[in-house]
Amino acid sequence: MGLFIEIIIGIVIAVIVYFVVHYFAVTVPSRKYSNTIKQVTDKAVISVLKDMEVIEDHSKVMSNYNADVWGRGVMTFEYRVPLKSEHPDFKKIRLELNQRLNQYAKDHKLDSRGPQTFVITDLWQMDEDILFDVAYLVNQITVEYVDDLNRLTNN
């Protein structure tokens, strides 16, 4: 009976050690990395939105990291911006956002793993706001995510 208890205690200690090591070796660095990438992306998006005269006050731009939805390492961020017009041309906005974000990336020499640095993966309207997802192609996981989205939309 004593051996069985020792085995159980050993398993419990091993599980605890695993979760502690995983937290400090994987979760914390991953969170720091994604926060850094989010700050760079936020700065680019806010700058571009100001140039497009889509926003008057950058404090009204809300952004979220989408890793909980798409998985760790996928650098996509959702933005919510108040609409200026009732009937926006979503195709035009999406195209212009893509072009201006990638020009911003070139001007600021941002790192990229794909043919583009930023990709607008989705854009839609909710209530009085326009929402869009921006993928920053800074790592291979995000490039593969965007490629998968493109394959889904082309089929």
Quiz item: Can we say ASP129 is surrounded by fewer than 16 Cβ atoms within 10 Å (Cβ to Cβ), in contact with a Leu (Cβ under 8 Å, 6 or more places away or on another chain) and in contact (Cβ under 8 Å) with a residue 40 or more places away in the chain?
Solution: yes
Quiz item: Based on what the data block shows, is SER85 polar (S, T, N, Q), part of a loop (DSSP other than H, G, I, E, B), out of contact with any Phe, Trp or Tyr (no Cβ under 6 Å at 6 or more places or on another chain) and at pLDDT below 85?
Solution: yes
Quiz prompt | Leading residue by the ranking (surrounded by the most Cβ atoms within 10 Å (Cβ to Cβ)) among those in the range 33-74 that are part of a helix (DSSP H, G or I), modelled with pLDDT under 70 and not hydroxyl-bearing (Ser, Thr, Tyr) | solution = TRP70
Self-check item: Residues that are more than 12 Å from VAL45 (Cβ to Cβ), part of a helix (DSSP H, G or I) and among the basic types (Lys, Arg), drawn from the range 100-139
Solution: LYS106
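The values are calculated or read from the model by the stated rules, or taken from the named source; none is laboratory data. None of the values given here were measured: they were computed from a predicted structure. Every residue, glycine as well, gets a Cβ built from its backbone with ideal geometry; the counts of neighbours run over all protein chains shown.
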